[in-house]
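The next block holds one structure in the form of structure tokens; read it before the comments.
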Amino acid sequence: MRSIDTLGDLRGKRVLVRSDFNVPLKDGVITDDGRIRAALPTLEKLVQAGAKVVVMAHLGRPKGTVDPAFSLAPVAQRLGELIDAPVTLAGDTVGDSAKETVAALEEGQIALLENVRFDARETSKVDEEREELARAYAELGDAFVSDGFGVVHRKQASVYDIAKLVPSAAGLLVVNEIESLRKATEEPERPYAVVLGGSKVSDKLGVIANLLKKADMLFIGGGMVFTFLAAQGHSVGKSLLEEDQIDTVKAYIDEAKERGVDLVLPTDVVVAPEFAANAPSTVVSVDAIPADQMGLDIGPESQKLFADKLATAKTVAWNGPMGVFEFEAFAAGTAAVAKALSDGSMFSVIGGGDSAAAVRTLGFDESTFSHISTGGGASLELLEGKVLPGIAVLED
Ligand code: ADP
Ligand code: MG
């Protein structure tokens with residue numbers, strides 16, 4: 001991958017940067033600014049180099065139309081606070097306001113274009129449409145730095161097409177992410193354990209297929225575990241269940257056995273009658289989930305089982321919380337996995353937006369993990385062994 005240094009002297013040059021500022025918002029307030037902080041090293045490096053920095057980013061899913069609810073205004077403000085300098089937000093993405101904003105930039109200043117997904121061409125499946133938008137971006141910059149790790153698996157105008165039009169390079173975050181994730185996926189020190197959780201089994205099936213060929217241990221928790229339990233013949237009550245995936249999951253269970261992969265499923269779960277913070281919770285064995293209850297976390301026996309086995313691993317990749325950690329009553333499973341990695345000396349990588357947020361909100365010291373990825377989908381695709389378009393385009 002080409003590094004920023006390959007772009008030469010950037011003083012006075014307009015440098016487009018794709019960052020991942022897709023932060024969680026609640027009532028217009030940013031609830032976790034981790035992604036903005038992760039973008040700072042590259043932005044600061046460019047500022048110090050005297051570049052005129054033009055940041056492109058998306059927020060949420062405005063579906064290709066201008067929707068003020070998805071304005072990057074809260075991000076511009078937070079970024080300004082973090083770098084301690086004003087950040088101008090253009091009123092549009094590539095229109096008159098964007099052009100004026102960029103023209104007014106001085107060396108070492110940062111401006112932010114409005115949400116790139118306000119323009120339907122950004123995510124179009126039609127190459128010509130994306131390329132047309134990329135040409136409009138190219139008018140706003142002399143070089144391009146790809147630093148939005150969370151989007152490098154996407155073939156989108158501000159990620160992929162722009163990189164072909166102007167001299168381009170990977171930012172510091174992308175370089176760091178790729179190095180850490182390769183270390184945890186390509187030739188991991190063994191035993192190699194992978195922990196998967198979260199809500200959608202179908203999202204993570206591709207990963208399981210690839211990991212069964214690589215991992216020594218595969219731990220399943222979160223909402224997706226109930227499809228595994230159902231595949232084993234257990235009743236799962238009102239728990240999340242993807243019935244159409246049961247057969248695929250059965251095949252994975254068989255494959256794990258054949259390959260000698262230790263597939264670790266919970267033996268007990270925390271259940272409640274409804275999905276709510278204050279729902280009364282009980283612990284039941286996985287073969288006794290009541291019909292009118294739903295599983296919202298792995299139980300205490302499973303937490304110990306997971307933690308003890310994880311402690312023996314030399315490399316751990318973790319994606320997806322073990323339970324509904326947003327509610328205190330169902331956070332213990334996620335906390336137990338986090339603690340095992342935090343206490344252990346293994347090389348540990350955490351991927352997934354919610355998993356990373358969980359580690360932070362549960363109060364763990366981020367420095368006790370080897371790497372916390374800012375990219376959910378991108379880190380999953382690396383686990384899956386896929387080639388990411390936004391990375392391939394930066395290779396020589
Ligand atoms: P990540 O962003 O880390 O990849 P996902 O987006 O796949 O993770 O899933 C995260 C969500 O899964 C969390 O909001 C969490 O509340 C939810 N979740 C975890 N366990 C369960 C469960 N048993 N039932 C329903 N939702 C769950
Ligand atoms: Mg998520």
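The values are calculated or read from the model by the stated rules, or taken from the named source; none is laboratory data. Nothing here was measured: the structure is a model prediction, and the numbers come from that model. Here the Cβ positions follow ideal geometry from the backbone for every residue, glycine too, while neighbour counts run over all protein chains shown. Only protein heavy atoms, including side chains, enter the accessible area calculation; ligands, DNA and RNA are left aside. Shrake-Rupley method; radii C 1.70, N 1.55, O 1.52, S 1.80 Å.
Quick notes on this one:
- Net charge of the neighbourhood of D20, taken over other residues with C-beta under 11 Å away and scored Lys/Arg +1, Asp/Glu -1, is +1.
- Note on the range 13-84: Kirkwood hydrodynamic radius from all Cα pairs is 13.0 Å, rounded to one decimal.
- Ellipticity estimate at 222 nm from DSSP helix runs (n ≥ 4, -39,500 (n - 2.57)) divided over the chain, nearest 500: -10500 deg cm²/dmol
- Rounded to the nearest Hz, the phi-derived 3J(HN,Hα) couplings of the range 67-74 under the Karplus curve 6.51 cos²θ - 1.76 cosθ + 1.60 (θ = phi - 60°) are 9, x, 5, 10, 5, 7, 3, x, where x marks glycine and proline.
- Put simply, the amide H of G375, placed in the peptide plane, has neighbours under 5 Å in G352, leaving out anything fewer than 5 places away on its chain.
- A cut-off under 15 angstrom between Cβ atoms defines the neighbours of K257, and their net charge, with Lys, Arg +1 and Asp, Glu -1, is -2.
- Within the same chain, lysines fewer than 8 places from K99 are excluded, and of the rest, those with a Cα less than 16 Å from its Cα are K13, K52.
- The accessible-area ordering, largest first, of the residues E395, E258 stands as E258, E395, per a 1.4 angstrom probe.
- The magnitude of the dipole of the chain, with charges of +1 and -1 set on the Cβ of Lys/Arg and Asp/Glu and taken from the Cα centre, is near 440 debye.
- Taking amide hydrogens as placed 1.01 Å from N in the peptide plane, the amide H of V17 sits under 5 Å from those of V54, V55, M56, V145, each at least 5 positions away in sequence or on another chain.
- Ranking A336, P300, V316 by Cα position along the charge dipole of the range 260-396, where only Lys, Arg, Asp and Glu carry charges on their C-beta atoms, puts V316 farthest toward the positive end.
- In the elastic network of the chain, a GNM with C-alpha springs shorter than 10 Å, the most mobile of G197, G12, G363 is G363.
- Separation of alpha-carbon centers, the range 262-280 and the range 139-191, rounded to whole Å: 37
- You can think of it this way: the chain between A209 and T31 has 60.7 nm of extra reach, that is 0.36 nm per residue less the Cα-Cα gap.
- Euclidean distance of C-alpha centroids, the range 381-396 and the range 242-259, integer Å: 27
- Sorting V393, V195 by accessible area puts them as V393, V195; the probe is 1.4 Å, largest comes first, and only protein heavy atoms count.
- Here the Gaussian network model covers the chain, with springs between Cα atoms less than 10 Å apart; of T123, T31, T93, T31 fluctuates the most.
- In this calculation the C-beta distance from E255 to D9 is compared with R0 = 45 Å, giving a FRET efficiency of 0.25.
- Separation of the range 1-47 from the range 287-351 is 32 Å, based on Cα centroids.
- Annotation for D127 and D244: the two label points, set 7 Å from Cα along the Cα-Cβ direction, are 3.1 nm apart.
- For the range 118-176, size of Cβ-based charge dipole, Lys and Arg +1, Asp and Glu -1, in debye: 240
- Based on C-alpha pairs under 8 angstrom that are at least 6 apart in sequence, the range 1-111 has a relative contact order of 30 percent.
- Among K183, K200, K63: highest mean-square fluctuation, GNM of the chain, C-alpha pairs under 10 Å: K63
- Net charge contributed by nearby residues that have their C-beta within less than 10 Å of G385 (K/R +1, D/E -1): 0
- Less than 5 angstrom separates the built amide H of D268 from those of V286, G299, S302, all sequence-distant by 5 or more or on a different chain.
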